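Visitor: Questions regarding the structure given below will be posed in turn.
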Amino acid sequence: SSKTFWTTTGMFPQELIIGFPKRVKISKVSIQCYLVRTLRIERSISKEPVGFEQCVEKDLQHREGQLQMEEFPLPDFEATYLRFIIKSAFDHFVSVHRVMAEGM
């Protein structure tokens, strides 16, 4: 829902894990967030959310008063779980408004 969001508790790093019912093929991950400075995306192909490996890490641009919209192309990528780690921020609190994974 565009009316809801997830917010951090004020200290970093913070993490958000999204699970799929089974292993899926993902070609791109998109995120809409606010005040995130450094974001890392990791994946797990296990049946439980363990054994994560880093896929991408990026410093995001600060956009005062606007959501940050970032896309991460991930060719030949499979995952059962995605972990989003917010390593640092431009303020004490950040928010994640939408996460989308495209693929099969």
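Visitor: Taking segment 17-37 as the search range and keeping residues that are farther than 18 Å from residue 56 by Cβ and within 13 Å of the chain's Cα centre (by Cα), which one is surrounded by the fewest Cβ atoms within 10 Å (Cβ to Cβ)?
Guide: 19
Visitor: How about segment 52-61: which of its residues are part of a loop (DSSP other than H, G, I, E, B) and under 18 Å from residue 14 (Cα atoms)?
Guide: Across segment 52-61, the qualifying residues are 52, 60.
Visitor: While we're looking at this one, here's another question. Return a yes/no flag: does segment 11-23 have any residue that is at positive phi and modelled with pLDDT of 95 or more.
Guide: The answer is no, given that none of the residues of segment 11-23 is at positive phi and modelled with pLDDT of 95 or more.
Visitor: Can you confirm whether residue 45 is among the aliphatic types (A, V, I, L, M), open to solvent by 50 Å² or more (accessible area, probe 1.4 Å) and at pLDDT 95 or above?
Guide: Considered against the rule, which asks whether it is among the aliphatic types (A, V, I, L, M), open to solvent by 50 Å² or more (accessible area, probe 1.4 Å) and at pLDDT 95 or above, residue 45 comes out as yes.
Visitor: Mind checking which residues of segment 74-104 are loosely packed, with under 12 Cβ neighbours inside 10 Å and part of a strand (DSSP E or B)?
Guide: 75, 76, 100
So that you can scan it fast, the table gives a plain yes or no per residue for (1) in contact with an Asp or Glu (Cβ under 8 Å, 6 or more places away or on another chain); (2) assigned to a loop (DSSP other than H, G, I, E, B):
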position	(1), (2)
2	no, yes
15	no, no
25	yes, no
28	yes, no
50	no, yes
65	no, yes
71	no, no
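The values are calculated or read from the model by the stated rules, or taken from the named source; none is laboratory data. All of these numbers come straight from a predicted model, not from anything done at the bench. For neighbour counting, all protein chains shown are included, and Cβ atoms are generated from backbone atoms with ideal geometry for every residue, glycine included. The accessibility values were calculated without ligands, DNA or RNA, using every heavy atom of the protein model including side chains. Shrake-Rupley method; radii C 1.70, N 1.55, O 1.52, S 1.80 Å.
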